[in-house]
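> Below is one structure. I have some questions about it.
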Amino acid sequence: MMKRFCLVAVLLMMFGFVLTGIAAAQQYPLVDMAANNVIQKYQMSSCEQLWEARGKPKSAQEQEMITLLRGDPMIREYFINKIAGPVANKMFECGMIP
């Protein structure tokens with residue numbers, strides 16, 4: 001009886017983790033879109049273009065996203081986790097980080 005209870009408990013926990021992952025993937029569709037735009041920008045830009053863009057002022061849309069990210073740590077973590085790998089790799093290739 002105890003084995004069956006433990007098995008059911010484990011299955012319920014695993015089902016919960018799956019549902020949580022699905023919910024997180026659909027939780028921030030606008031942030032997903034912005035993150036995909038950032039990733040695409042870094043992948044499609046040359047190193048020279050990225051160096052030039054570094055000093056330019058941000059657009060109103062970018063400023064709005066930055067404000068959102070500063071105001072909500074959960075959204076910021078989600079966004080950074082999504083873009084970290086591709087952006088860091090490109091910055092490394094371009095000599096922007098050691």
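> List the number of the failed condition for Gln40; all other conditions in (1) under 11 Å from the mean Cα position of the chain (by Cα); (2) surrounded by 11 or more Cβ atoms within 10 Å (Cβ to Cβ); (3) at pLDDT 95 or above hold.
The one condition Gln40 does not meet is (1).
> Identify the residue in region 42-53 that is in a helix (DSSP H, G or I) and without any contact (Cβ under 8 Å) to a residue 40 or more places away in the chain and, among all such residues, is nearest to Leu30 (Cα to Cα). Give the steps one after another, and end with the answer.
Kept after step one, since they are in a helix (DSSP H, G or I), are these residues of region 42-53: 42-44, 47-53.
When the remaining residues are screened for being without any contact (Cβ under 8 Å) to a residue 40 or more places away in the chain, the result is 44, 48-49, 52-53.
Values: Met44: 21, Glu48: 29, Gln49: 25, Glu52: 27, Ala53: 23 Å.
Top of the filtered list is Met44.
> Got at least one residue in region 24-35 being modelled with pLDDT of 90 or more, surrounded by 10 or more Cβ atoms within 10 Å (Cβ to Cβ), assigned to a helix (DSSP H, G or I) and not aliphatic (A, V, I, L, M)?
Within region 24-35 (the criterion being modelled with pLDDT of 90 or more, surrounded by 10 or more Cβ atoms within 10 Å (Cβ to Cβ), assigned to a helix (DSSP H, G or I) and not aliphatic (A, V, I, L, M)), the answer is yes, since at least one residue qualifies.
> Given (1) in contact with a Pro (Cβ under 6 Å, 6 or more places away or on another chain); (2) modelled with pLDDT under 95, where does Leu11 come up short, assuming only one miss?
(1)
> Take the residues in region 67-97 that are assigned to a loop (DSSP other than H, G, I, E, B) and exposed (fewer than 15 other Cβ atoms within 10 Å of the Cβ); name whichever of them is farthest from the chain's Cα centre (by Cα).
Initial filter on region 67-97 (assigned to a loop (DSSP other than H, G, I, E, B)): 72, 94-97.
From what's left, exposed (fewer than 15 other Cβ atoms within 10 Å of the Cβ): 72, 95-97.
On the way: Asp72: 13, Gly95: 22, Met96: 20, Ile97: 19 Å.
Among those that are assigned to a loop (DSSP other than H, G, I, E, B) and exposed (fewer than 15 other Cβ atoms within 10 Å of the Cβ), it is Gly95.
> If you go through region 69-94, how many residues are within 19 Å of Gln27 (Cα to Cα) and in contact (Cβ under 8 Å) with a residue 24 or more places away in the chain?
Result for region 69-94: 5.
> Tally up the residues in region 54-66 that are over 16 Å from Asp32 (Cα atoms) and either part of a helix (DSSP H, G or I) or of a type in the set (Gly, Ala, Ser) (or both), please. Give the derivation first.
Kept after step one, since they are over 16 Å from Asp32 (Cα atoms), are these residues of region 54-66: 54-60, 63.
Those left that are additionally either part of a helix (DSSP H, G or I) or of a type in the set (Gly, Ala, Ser) (or both): 54-55, 59-60, 63.
So the count comes out to 5.
The values are calculated or read from the model by the stated rules, or taken from the named source; none is laboratory data. Since we're looking at a predicted model, the values are computed, not measured. Because the Cβ atoms are built from the backbone with ideal geometry, glycine has one as well, and the counts that use them run over all protein chains shown.
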